[in-house]
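The values are calculated or read from the model by the stated rules, or taken from the named source; none is laboratory data. Source: prediction; values computed, not measured. Cβ atoms come from the backbone with ideal geometry, glycine included; neighbour counts cover every protein chain shown. Protein only, heavy atoms only, side chains kept; ligands, DNA and RNA dropped before computing areas. Shrake-Rupley method; radii C 1.70, N 1.55, O 1.52, S 1.80 Å.
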Amino acid sequence: ELPKGRKLIALTLDLCEQPGEVAGYDGPIFDYLRATGTKATLFAGGKWLMSHGARSQQLMSDPLFEIGVHGWAHRNVRALSGAALVEEMINPLRAYHKVRGELAARACDSGNTSAVAAVANQITLHRFPFGACSPAALQTAADNGLMSIQWDVSTGDPAPSQSARAVAQAMLRNT
């Protein structure tokens with residue numbers, strides 16, 4: 001609950017990969033967020049968490065960032081049902097637990113258990129790829145303790161030729 005008349009912006013970023021794809025990691029964005037103390041929620045796909053294990057551990061242990069899930073492989077859940085729908089939505093939770101477990105084991109081995117103490121045991125937020133959901137997908141999320149959220153303003157996936165300044169200006173214009 002915000003006080004009447006108070007507005008806030010929640011910065012969210014997606015970290016995801018489609019089937020057959022290995023997406024990158026844009027380090028300068030995270031360097032900037034850290035340098036400015038800017039908090040963000042990162043919606044990670046399960047496939048991305050697994051293919052970027054070290055980066056995933058780094059991000060989940062950074063107090064500026066909250067991790068949410070964004071499906072397994074960025075599929076439109078409106079086109080899925082039954083076991084395929086459940087796997088797309090639940091496998092990212094399994095990936096998170098696996099990566100978190102590996103972080104905990106490393107921290108234990110090094111004697112630095114405080115590094116993992118602040119890492120959430122459970123993910124609580126979910127964002128649907130493409131913003132597409134269905135009653136079955138909403139129920140699957142709720143059944144697994146996930147609150148589904150969407151966005152109000154989107155800068156979209158920027159083209160390689162689009163500058164960071166153009167993306168930022170578009171976002172500010174629309175908030």
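Remarks
- Arg100 vs. criteria of a type in the set (D, E, K, R), crowded, with 19+ Cβ neighbours inside 10 Å and either without any contact (Cβ under 8 Å) to a residue 60 or more places away in the chain or at positive phi (or both): yes
- Among the residues of the range 56-80, those identified as open to solvent by less than 50 Å² (accessible area, probe 1.4 Å), over 17 Å from Gln139 (Cβ atoms) and in a loop (DSSP other than H, G, I, E, B) are Ser61, Asp62, Leu64, His70, Ala73, His74.
- Only one of Glu1, Glu21 that is more than 28 Å from Pro135 (Cα to Cα) and not in a helix (DSSP H, G or I): Glu21
- Pairs meeting the criteria (first residue in the range 1-27 and closer than 16 Å to Lys39 by Cβ, second residue open to solvent by 80 Å² or more (accessible area, probe 1.4 Å), beta carbons under 6 Å, at least 6 apart or on different chains) are Ile9/Thr175.
- Of all residues in the range 81-97, those that are surrounded by 14 or more Cβ atoms within 10 Å (Cβ to Cβ) and touching a residue at least 40 places away in the same chain (Cβ under 8 Å) total 10.
- Screening Thr140 against (1) crowded, with 18+ Cβ neighbours inside 10 Å; (2) within 21 Å of Tyr25 (Cβ to Cβ); (3) free of Cβ contacts under 8 Å to residues at least 60 places away in the same chain leaves a single unmet condition, (2).
- Extreme residue, farthest from Val69 (Cα to Cα), among residues of the range 27-50 that are surrounded by fewer than 18 Cβ atoms within 10 Å (Cβ to Cβ) and within 14 Å of the chain's Cα centre (by Cα): Lys39
- Considering (1) over 18 Å from Asp62 (Cα atoms); (2) more than 15 Å from the chain's Cα centre (by Cα); (3) open to solvent by less than 50 Å² (accessible area, probe 1.4 Å), the lone condition that Val116 does not fulfil carries the number (1).
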